[in-house]
1. What number of residues within the stretch 147-179 satisfy the criterion of being modelled with pLDDT of 95 or more, surrounded by fewer than 15 Cβ atoms within 10 Å (Cβ to Cβ) and part of a loop (DSSP other than H, G, I, E, B)?
2. Taking the condition touching a residue at least 24 places away in the same chain (Cβ under 8 Å) and over 13 Å from the mean Cα position of the chain (by Cα), does Ala117 pass?
3. Does the stretch 59-109 hold any residues that are under 20 Å from Leu133 (Cβ atoms) and of a type in the set (Phe, Trp, Tyr), and which are they?
4. Might you check whether a residue that is of a type in the set (A, V, I, L, M), assigned to a helix (DSSP H, G or I) and within 18 Å of Tyr70 (Cα to Cα) occurs anywhere in the stretch 97-108?
Amino acid sequence: MTKLAIRLLTLAMLTLALTAAPVVSVVYAAPDSDPPPPPDKKKKRSSEVRPSAQETAFATGYRAAYAAIYDRHDYASAIEQLKALGRDDSAAVANLIGYSYRQLGDYKVSQIWYERALKADPNHVKTWQYYGLWQVEQGNRESAQYHLNKIAALAGTSSDEYRSLAAALEKPPGTGLVY
């Protein structure tokens, strides 16, 4: 009887500990299949280690900027939020800053940010898509085709990024594309 009581008590304590333990997950809101910015290379984390306060603050700020862009279309605010994150060297962050400037009509600054994103990660598919749409809007269809070919090589022709840019290229020049 004593062994049974000890086992039941141990099981009850384990169950209580598991239900009372906080669940920690880091979610990066990113456009479509865009991967999150790379983790700090100085730290190696196992899946059992909790994210730092800095990582949590970054994820929260990134999600807020993402919502400002895609939900509220508040591009100027999103630019400030993204710059405040201090991760301008991240392809995901630089790409969203470039996208926001493009939506505001500042194509020269937008181009700088797209190029910065590709410098940070030459395989960042979402940047190739957005920069390709920038090229279409500027009338640079040959450059946009290059971007489309790059997306095909990186993500395939069935990816959302490829289909979006291909659809833009199918439209006649000067149709006032807005993406």
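1. Adding up the residues that qualify gives 3.
2. Working: touching a residue at least 24 places away in the same chain (Cβ under 8 Å): yes; over 13 Å from the mean Cα position of the chain (by Cα): no.
Considered against the rule, which asks whether it is touching a residue at least 24 places away in the same chain (Cβ under 8 Å) and over 13 Å from the mean Cα position of the chain (by Cα), Ala117 comes out as no.
3. Tyr66, Tyr70, Tyr75, Tyr99, Tyr101, Tyr107
4. Kept after step one, since they are of a type in the set (A, V, I, L, M), are these residues of the stretch 97-108: 97, 104.
Restricting the remaining residues to those that are assigned to a helix (DSSP H, G or I) gives 97.
Add one more test, that the residue is within 18 Å of Tyr70 (Cα to Cα), and what stays is 97.
Yes: the stretch 97-108 contains one or more residues that are of a type in the set (A, V, I, L, M), assigned to a helix (DSSP H, G or I) and within 18 Å of Tyr70 (Cα to Cα).
The values are calculated or read from the model by the stated rules, or taken from the named source; none is laboratory data. What you see is a predicted model; the values in this text were computed from it and never measured. As a convention, Cβ positions derive from the backbone with ideal geometry for all residues, glycine included, and neighbour counts pool all protein chains shown.
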